[in-house]
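Written below as structure tokens is the structure these notes are about.
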Amino acid sequence: MLGFQRINRTLPVMLLVAVMSLAASCSNINVTPDISISENVVSGEAGYVFVDVTAAGQWVLSIYYDGSDEGWADLTSSEGSGSKDGVILRYEENTSAESRSLRVILTASGQDLAVTFTQSGKDPSGGDDPDPDPGFSKNPGWLELPALAETEDCHFYWHDMTSGGKTVRNYSFLWDRENLVAHWVAYPLNTGLIGTGSRTDNWGYDPLVPRDEQPELYRGYNGDYDRGHQLPSADRLTRNANIATFYFTNMTPQIGSRFNQSIWGNFETKVRDWSRTADTLYVVTGCVLEGSPGVAYDNLDKAVTVPGGYFKALLWYNHASTYSFGQYTAAGFFMDHRNYSGSTFVPDDYIMSIDDLEEITGIDFFVNLPAKIGQAQADAIESADPSGVSLWN
């Protein structure tokens, strides 16, 4: 069973009536409903594709299975308002040699539109997957995202949230089910996305990830490690968004009083300060396992790899900026995971270019930036020494 809410084969009549009624009231808006899918035909392996919706008002998505094999796919969103890109259609492995198909149906403005999706049958020869690493090509286009380097043990997920009455992305992450940590968590940050509210401490399993592929941390780690947030709780204060920051997949074992509760926590505060001067600050925070001191244990005695270091890659955007590279500037930061004698975070002690941080982490950051501003400008931003930019002081 996948972690998303199952979409019934038959659309609820009352919901359809509500959609058509509201669509009629918006008929003066000249937007033609449309639906598209990133890949119409895939291999028999489990995976996901992206569904894009174009609509002026309320819409509903549903799945209609062609044939007797049902329930092998889910949608992350089944309803919404206005155009939305990047709804995930996640599908299970096809263990049959026969292909199977479904239709994703968009109901909007009194119309039903469908797109067909086909999953090939399992290769009876047992040959190699012709697309062994599809994660690199499946990128929603968000500016904060690194290259999606999925492997057999590392999978990409994201969570939505509500902000300003709209459904927007909360954060995304690359989950390592072998080491039981996320290699990185990426998210946009500004005052509106931080919102208002308080810390919920609502610890729990991540609904997107199978339970047996994540640690249980209701009582924290056994040993001297904190449950260290990668997306800080204080970066998402609206209640439902904050609850998602307490999913076990957002935690790593961090040294407590002399790291998580002091210098690293003060660094997180500094990042929020920088976000308040931006239209949006695009953040990638994560850990490296090289140099790990060993493992910590969850409540079920499962081993969780303790990171050897932590990093943040930051892309700052302000439409009125006068910095050297126009509206964008970027900085990387890396800290060894150890006890620190002081609690004050001094940016100059850990700052570096994005290119230099990529050398340390092996991660290709901000891969969607060239599409926004061109390859040459993006390269200049990522290679520049940020220590001379007053923003980061």
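Yes/no per residue for (1) modelled with pLDDT of 85 or more; (2) of a type in the set (Asp, Glu); (3) open to solvent by 70 Å² or more (accessible area, probe 1.4 Å); (4) touching an Asp or Glu at 6+ places or on another chain (Cβ under 6 Å):
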{"residue": "Arg9", "(1), (2), (3), (4)": "no, no, yes, no"}
{"residue": "Leu15", "(1), (2), (3), (4)": "no, no, no, no"}
{"residue": "Ile63", "(1), (2), (3), (4)": "yes, no, no, no"}
{"residue": "Trp72", "(1), (2), (3), (4)": "yes, no, no, yes"}
{"residue": "Thr76", "(1), (2), (3), (4)": "no, no, no, no"}
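Here is a yes/no grid of residues against (1) out of contact with any Pro (no Cβ under 6 Å at 6 or more places or on another chain); (2) open to solvent by 10 Å² or more (accessible area, probe 1.4 Å); (3) of a type in the set (Ser, Thr, Tyr):
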| position | (1), (2), (3) |
| --- | --- |
| Ile263 | yes, no, no |
| Thr269 | yes, yes, yes |
| Leu281 | yes, no, no |
| Ser292 | yes, yes, yes |
| Ala296 | no, no, no |
| Asp301 | yes, yes, no |
| Gly308 | yes, yes, no |
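Inspect the range 315-336 for any residue being among the acidic types (Asp, Glu) and farther than 22 Å from Glu358 by Cβ and give the result as yes or no. Talk me through it step by step, then tell me what you get.
Here is the first cut: in the range 315-336, the residues among the acidic types (Asp, Glu) are 336.
Now narrow it down to the ones that are farther than 22 Å from Glu358 by Cβ: none.
No, that holds for no residue.
Only one of these is in contact (Cβ under 8 Å) with a residue 12 or more places away in the chain, acidic (Asp, Glu), surrounded by 16 or more Cβ atoms within 10 Å (Cβ to Cβ) and more than 17 Å from Arg272 (Cα to Cα): Asp235, Asp226, Asp201, Asp153. Name it.
Details: Asp235 fails: more than 17 Å from Arg272 (Cα to Cα); Asp201 fails: surrounded by 16 or more Cβ atoms within 10 Å (Cβ to Cβ); Asp153 fails: surrounded by 16 or more Cβ atoms within 10 Å (Cβ to Cβ).
It is Asp226.
State which residue is farthest from Val346 (Cα to Cα) when the search covers only the range 238-255 and only residues that are open to solvent by 10 Å² or more (accessible area, probe 1.4 Å) and not basic (Lys, Arg).
So in the range 238-255, the residues open to solvent by 10 Å² or more (accessible area, probe 1.4 Å) come out as 238-240, 243, 247, 255.
Remaining after also requiring not basic (Lys, Arg): 238, 240, 243, 247, 255.
Details: Thr238: 29, Asn240: 33, Ile243: 30, Tyr247: 30, Ile255: 19 Å.
Of everything passing the filter in the range 238-255, Asn240 is farthest from Val346 (Cα to Cα).
When the range 155-194 is examined, which residues are found to be part of a loop (DSSP other than H, G, I, E, B) and modelled with pLDDT of 95 or more? Outline the logic, then answer.
First pass over the range 155-194, keeping only residues part of a loop (DSSP other than H, G, I, E, B): 164-165, 177-180, 190.
Hits for the range 155-194 are Arg177, Glu178, Asn179, Leu180, Asn190.
Within the range 78-100, how many residues turn out to be crowded, with 19+ Cβ neighbours inside 10 Å, over 21 Å from the mean Cα position of the chain (by Cα) and more than 18 Å from Asn40 (Cβ to Cβ)?
0
Quickly run through the range 363-393 and pick out the residues that are more than 25 Å from the chain's Cα centre (by Cα) and free of Cβ contacts under 8 Å to residues at least 24 places away in the same chain.
Of everything in the range 363-393, those that are more than 25 Å from the chain's Cα centre (by Cα) and free of Cβ contacts under 8 Å to residues at least 24 places away in the same chain turn out to be Ala376, Gly388, Ser390.
Would you call Asp85 on the phi < 0 side of the Ramachandran plot, free of Cβ contacts under 8 Å to residues at least 60 places away in the same chain, out of contact with any Phe, Trp or Tyr (no Cβ under 9 Å at 6 or more places or on another chain) and among the charged types (D, E, K, R)?
Numbers: on the phi < 0 side of the Ramachandran plot: yes; free of Cβ contacts under 8 Å to residues at least 60 places away in the same chain: yes; out of contact with any Phe, Trp or Tyr (no Cβ under 9 Å at 6 or more places or on another chain): no; among the charged types (D, E, K, R): yes.
Taking the combined requirement at face value, the residue does not satisfy it.
Any chance you could count how many residues in the range 341-362 are touching a residue at least 40 places away in the same chain (Cβ under 8 Å), surrounded by fewer than 17 Cβ atoms within 10 Å (Cβ to Cβ) and over 23 Å from the mean Cα position of the chain (by Cα)?
The number of residues fulfilling the criteria is 6.
The values are calculated or read from the model by the stated rules, or taken from the named source; none is laboratory data. Nothing here was measured: the structure is a model prediction, and the numbers come from that model. Every residue, glycine as well, gets a Cβ built from its backbone with ideal geometry; the counts of neighbours run over all protein chains shown. Calculation scope for accessible area: heavy atoms of the full protein, side chains included, ligands and nucleic acids excluded. Shrake-Rupley method; radii C 1.70, N 1.55, O 1.52, S 1.80 Å.
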